[in-house]
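Every number in this text was worked out from the coordinates using simple rules, so none of it is lab data. Treat the numbers as computed from the prediction; the structure is a model and nothing was measured. As a convention, Cβ positions derive from the backbone with ideal geometry for all residues, glycine included, and neighbour counts pool all protein chains shown.
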Amino acid sequence: MSSLELMAAKLDLAGTAQRAATMEVSERRRLALKAVQDHDLDGMWELVQAYLVLHGRRGTKISPSTLRKYKLCIRIYWAWADEHGVMLIRPLPDSGRAFLRHLEGRGMVKTSVGGYLAACRALHETLQWSGVKADDPFKFARPTADGRPPLVKGKPYTLAEVEVLLAAATPEGAVVITLGADCGLRNAEIAGLKKQDVHLYADPPTVLVYGKGAKTREVVLSTRAEAALIRWLDQVAHLPHPYVLIANSTDRVQDIVRRLCAKTGVAWTKRKVHGLRRTAGTRAYTESKDLLDTRDFLGHSQASTTEVYIHYARAQEKAVNRDW
């Protein structure tokens, strides 16, 4: 999405919210009931978007990616509700918990279930805001606590594995791998990186990253990330495309890394794209031994989030009693 397209999308969101805010509650209620009765996801989504802009923490700054994920989550929840006889406007008290347990039963991890929970809460809060007297079955629902230690939930790629991936990568793939494994960018940050935010001729060369919560950080490029970007941007210089990657989507980034893993025999399970970021964070802490520097490098809000990288670093060290 270009800057103009993003601006147009935000104006459209604001316009939708403005129309809903100035609408009589009775009219909002009529539209919400009609959407439920007609099973009109797009009609209901208009109201959900308006609610999120007016009452959500991010307002018009909510990202297009978040909106896409919310809509998909609501579609899946609605299909589940239909299959199990759950009515959106008169849900059973435990139907929210039942849906979350359904997702967990399919192997979904806690963070992913949390995304569905947020989307479903937005849907039911929208129904209440629209004057539909619906209880919120998700109000007190929570994902099941994950008792697994962080090291079991996800793993970094080893430095040797990163080298293997890079040896098999296309120029575009090399950009993805180095931005993740050397610079610690998240999947969405790699996908959303714009050419104008790549400063190859600064000293040192950097990229300006727009992270979670609309926070920005400047990340210094590694030597090989710099080389990969120079090579790739030279190849696509003739394309009038504002983003670094041709297909600027998280699915595309994931597909690039998955295909490289399949091609080289490097394990994809429990790593995925985020495993590259774990590699960068682990290496940053291993070399600096400074938790706060690692926090800032990765763009974490809290140092407690970064503490897992201490465990990743220690896991790579030889056990103290190995040579006894």
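Among Tyr70, Tyr285, Tyr201, the largest mean-square fluctuation in a Gaussian network model of the chain, built with springs joining Cα atoms closer than 10 Å, belongs to Tyr201.
By its C-alpha gyration tensor, with a ≥ b ≥ c as the square roots of the eigenvalues, how is the range 3-129 shaped: rounded for a/c under 1.5, else prolate for a/b larger than b/c, else oblate? Taking the square roots of the gyration eigenvalues as a ≥ b ≥ c, the range 3-129 is oblate.
Listed values for the range 130-137 are Karplus-derived 3J(HN,Hα) couplings in whole Hz (6.51 cos²θ - 1.76 cosθ + 1.60, θ = phi - 60°), namely 7, x, 8, 6, 10, 6, 9, x, and x replaces Gly and Pro.
The length gained by stretching the chain between Arg142 and Arg224 to full extension, at 0.36 nm per residue less their Cα-Cα distance, is 25.2 nm.
Between Gly192, Gly115, Gly211, the residue with the greatest mean-square fluctuation in the GNM of the chain (Cα pairs under 10 Å linked by springs) is Gly115. The distance between label points at Arg231 and Gln37 comes to 6.2 nm (points 7 Å beyond Cα on the Cα→Cβ vector). Measuring between alpha carbons in the structure, the pairs from Lys69/Lys212; Lys215/Lys272; Lys212/Lys263; Lys61/Lys110; Lys110/Lys270; Lys212/Lys289 lying more than 20 angstrom apart are Lys215/Lys272; Lys212/Lys263; Lys61/Lys110; Lys212/Lys289. Between 0 and 90 degrees, the angle of helix 25-38 with respect to the longest Cα principal axis of the chain falls at about 70 degrees.
Students often get this wrong, so try it: which of (1) 75, 19, 15; (2) 36, 26, 18; (3) 39, 26, 17 is semi-axes √(5λ) of the Cα gyration tensor in Å as calculated from the structure shown? The value matching this structure is (3). Counting only alpha carbon atoms, the long axis of helix 159-168 and the longest principal axis of the chain meet at about 80°.
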